[in-house]
Amino acid sequence: MQVYANIFYFKRICRIGGTEQFLYEIAKKYKDYDITVFYDDADINQLRRLRKLVRCKKHIKGEIVKCNKAFFNFNLDMIDDVEAEEYYFVSHANYKELHKAHGGYIPPIKNEKLTHYIGVSQFATDKLDEYAKIIGSKIRTQKCYNPLTLEPKQKVVRLASACRLDDKVKGGERTLKLIKALDKYCEENNRNYIWTIFTNPTKVQVDSTNVILMKPRLDVRPYLADSDYVLQLSNDMETYCYTINEALGYGVPIVTTPLTILNELPITENEHIVLDWNCENVDEVARQIFEKEVRPFSYTAPEDNWSNILVKKESTYEEEKNMKYIVEATDLYAKSNTYDVELSKHKNVKQYIPKQGERWEVNLERKQLLEEKGFIKVIEEVKEIETAKKEANAEKAVKKTTKKAK
């Protein structure tokens with residue numbers, strides 16, 4: 001029978017987790033030692049990266065495993081199937097807190113086979129010693145910090161798009177092809193990227209851990225400005241494209257299809273990568289996104305001419321926004337069973353629905369919203385004090401001028 005030097009047992013190796021990272025860090029730093037990880041169940045990706053470094057085996061209940069040292073992490077389920085010279089329990093948690101949070105139940109850490117306790121920090125050591133006294137264990141805990149070896153710092157490439165993935169003319173299929181090419185590049189070159197895509201509700205399935213589908217929002221510019229590249233993969237139907245102009249204005253390079261509108265914009269190859277209409281060069285585009293060196297650049301969008309088109313009449317909208325209105329609820333408000341958020345706050349109740357004929361004061365925004373739904377009718381306009389004063393002063397000035405003229 002094979003005798004292992006060191007075995008580490010963790011019942012369930014999850015997709016993410018601190019103990020999972022501990023096992024990986026042990027494997028990375030001490031891969032030259034004879035180490036075997038046993039498990040009952042394991043995430044395939046966690047298992048894949050562990051197996052590149054150390055031996056990993058599924059625990060088969062009743063099958064005896066012999067070793068020099070056995071290390072149990074949280075669970076002791078395998079301990080009866082292990083014949084070891086020394087048995088260690090490694091504490092990755094505050095067991096007093098776990099005991100309290102789980103109503104008095106936690107997996108047992110007291111077993112006659114255990115010979116050593118390890119705490120992964122002074123805090124863990126102190127707390128395990130406290131808990132050991134409670135459960136009647138006489139083993140004293142040894143402190144041993146978790147290993148940590150950091151890979152060289154490497155930039156995560158940040159990409160952003162604002163599009164409609166379900167719209168055929170907006171390049172959804174090209175987007176999926178480029179995602180595959182980027183994922184392939186990352187797999188082969190040990191790189192990472194995050195592509196944030198703001199899109200309408202979509203049935204498009206994106207099978208990549210590097211892509212985030214975001215709900216539509218109006219404030220996308222901070223995300224564009226914070227990106228390494230902004231992508232616009234539409235058909236040749238863009239006639240200005242704010243996304244492109246916004247990105248360039250922030251000094252962010254772009255990845256696009258060969259859009260005709262680009263011929264009108266003052267851009268160069270430095271800040272532009274082109275994906276062919278049929279995506280034949282998709283692998284090359286993926287490579288350039290990671291490897292191309294982009295020199296800092298400045299960009300000024302084409303000047304608009306609306307100052308010569310619009311009627312030059314001073315706006316009175318600010319005064320309109322300061323108006324208040326006395327409104328009256330129609331029967332539709334109650335019939336809709338819709339509660340009024342502002343009135344609920346004012347009356348300090350959770351959900352208040354105005355009764356037909358009930359009156360209250362609202363600002364312009366609320367008036368417009370409720371009026372469009374047919375929930376209210378306007379009874380009276382109430383001008384803000386400052387606006388009323390201005391109008392009164394203006395009226396007095398007119399009267400004075402009229403008297404002088406007489």
Ranked packing of 82-89, 297-304, most packed first, by mean Cβ within 10 Å: 82-89, 297-304
Under 10 Å, Cβ to Cβ, from residue 73 - net charge with Lys/Arg +1 and Asp/Glu -1: 0
Stokes-Einstein D (µm²/s) once Rh is taken as the Kirkwood radius of the stretch 191-335 over alpha-carbon pairs, at 25 °C in 0.890 mPa s: 130 µm²/s
Distance (nanometres) between label positions extended 7 Å along Cα→Cβ at residue 167 and residue 57: 5.9 nm
Set of lysines near residue 113 by C-alpha distance (under 25 Å), chain-local residues within fewer than 8 positions excluded: 11, 57, 58, 61, 66, 69, 96, 127, 133, 138, 143
Segment residue 113-residue 335, length gained on full extension (0.36 nm per residue, minus Cα span): 72.8 nm
Furthest towards positive pole of dipole, 60, 71, 363, structure part the chain, Cβ charges: 363
In nm, spacing of pseudo-spin labels at residue 212 and residue 274 (7 Å Cα→C-beta vector): 3.2 nm
Under 29 Å from residue 335, Cα to Cα: lysines that are on another chain or at least 8 residues apart: 324, 345, 347, 350, 355, 367, 373, 377
Cut-off 12 Å between beta-carbons: net charge of the residues surrounding residue 42, Lys and Arg +1, Asp and Glu -1: +4
Sum of -39500 (n - 2.57) over DSSP H runs of 4+, divided by residues of the chain (222 nm, nearest 500): -9500 deg cm²/dmol
Where a label projected 7 Å from the Cα of residue 307 along Cα→Cβ would reach, residues of the stretch 239-264 with amide N under 13 Å: none
Largest-first ellipsoid semi-axes for the stretch 139-185, taking √(5λ) over the Cα gyration tensor eigenvalues, angstrom: 45, 14, 10
The chain - share of DSSP beta bridges that are antiparallel (%, nearest 5): 20 percent
Cα gyration tensor, the chain - rounded (a/c under 1.5), prolate or oblate: oblate
Qualifying chymotrypsin sites (Phe, Trp or Tyr not before Pro) for the stretch 216-279 [loop in DSSP, other Cβ within 10 Å: at most 15]: 240, 250, 277
Pair residue 295, residue 48: separation of 7 Å Cα→Cβ label points (nm): 4.1 nm
Lysines whose Cα lies under 24 Å from that of residue 153, excluding same-chain neighbours fewer than 8 positions away: 28, 29, 31, 52, 184, 292
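Throughout, read-outs are computed from the coordinates displayed, never taken from laboratory work. Note that the structure is predicted; figures quoted are calculated from it, not measured. Ideal geometry is used to build each Cβ from the backbone, glycine not excepted, and the neighbour counts take in all protein chains shown.
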